[in-house]
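Worksheet: one structure, shown below.
Every number in this text was worked out from the coordinates using simple rules, so none of it is lab data. Note that this is a predicted model, so its numbers are computed, not measured. In this analysis, Cβ positions are derived from the backbone assuming ideal geometry, glycine residues included, and neighbour counts consider all displayed protein chains.
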Amino acid sequence: MKERNTFHISRKPVVPVAEDEQSNALSSDLKPRRFDSSPHLIAIARDPSTMFAYWNIDWPSIFKNAAPVDRQVHLRVHCADGLEEKEAAVEPMAGMHYVTLSQRHRACRIEIGYYQPADIWNSVVMSNEVRMPPAEPSEVEHVDIATIPFHLRFQQLVDLFAAPNDDAVATVISRFQTRAVSSGKHQTLSSEERKILQETGIAVSELAEARHAFDQIDREKVKRRGEALLGASPTSPSRGFSGISAGS
């Protein structure tokens, strides 16, 4: 009862806030959003006919002297095959946009800019080149299968397999595991290769079992499912992909 009698509503914080913490909290709320020194525009292919664009640009600095006549910025698609695409007007502060292509292209770049005056184009930044995925599943039957040890970080895999810059890590792992499976009882593996195999924590029997299971896959069924996924929706499938092996 005595404790209840001491209860009261305070107009100020009961626990005092340090002056430096209070000043930091206030300053962080008042500070404007920080941008990198140079504008960035990243483009990613979502599907054969859609590109995703993300930008990080200090628009207040760019529009300090003159704002666009239409109060918007525009995305231009530049394709390696020379086919023209329409521009897309976007909100500058949106930071992202999906660009739908009207034609099939091999590779594209996205440029962001604005008009000021109305007939003068002002380019801000150009994106990286994006290789567009094919509209139809590949007919190539040859694949490289690799069992990826997910308990290792990507950098550990790079250091472990000493993957060169021009080769994909999965390709290097696939070649190594193919030699390990075909070698039987490590007869053709060097001591260093046996050490790498031990570090990955994957037995040769597991690798052989994964390859055997992959060889039993109904290729036509997988092809039909891939065609259905590509034709039904540009978004990711609702059901996740399962399995321990990756093929390319």
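Odds and ends about this structure:
- Length gained when the stretch R153-E84 is fully extended (0.36 nm per residue, less Cα-Cα span): 20.7 nm
- Spin-label pair A107-V125: with each label point 7 Å from Cα along the Cα-Cβ axis, the two points sit 2.1 nm from one another.
- Scalar couplings 3J(HN,Hα) for the stretch 63-80, obtained by applying the Karplus form with A = 6.51, B = -1.76, C = 1.60 to θ = phi - 60°, are 8, 4, 8, 7, 8, x, 5, 9, 6, 9, 10, 10, 9, 10, 9, 10, 10, 5 Hz; x denotes Gly and Pro.
- Relative exposure of F154, F214, judged by other C-beta atoms within 10 Å (fewest first): F154, F214
- A simple spin-label model places pseudo-atoms 7 Å from Cα toward Cβ; at K64 and Q216 they are separated by 6.7 nm.
- Principal semi-axes of the equivalent ellipsoid, √(5λ) from the alpha carbon gyration tensor of the stretch 40-131, are 23, 14, 10 Å from largest down.
- Among D215, D70, D58, the order by Cβ neighbours within 10 angstrom, fewest to most, reads D215, D70, D58.
- Spatial separation of Cα centroids for the stretch 49-65 and the stretch 72-121, in angstrom: 11 Å
- Fewest neighbouring Cβ atoms within 10 Å first, the residues Y114, Y98 line up as Y98, Y114.
- Net length gained if the chain between R175 and A118 were fully extended (0.36 nm per residue, minus Cα distance): 14.9 nm
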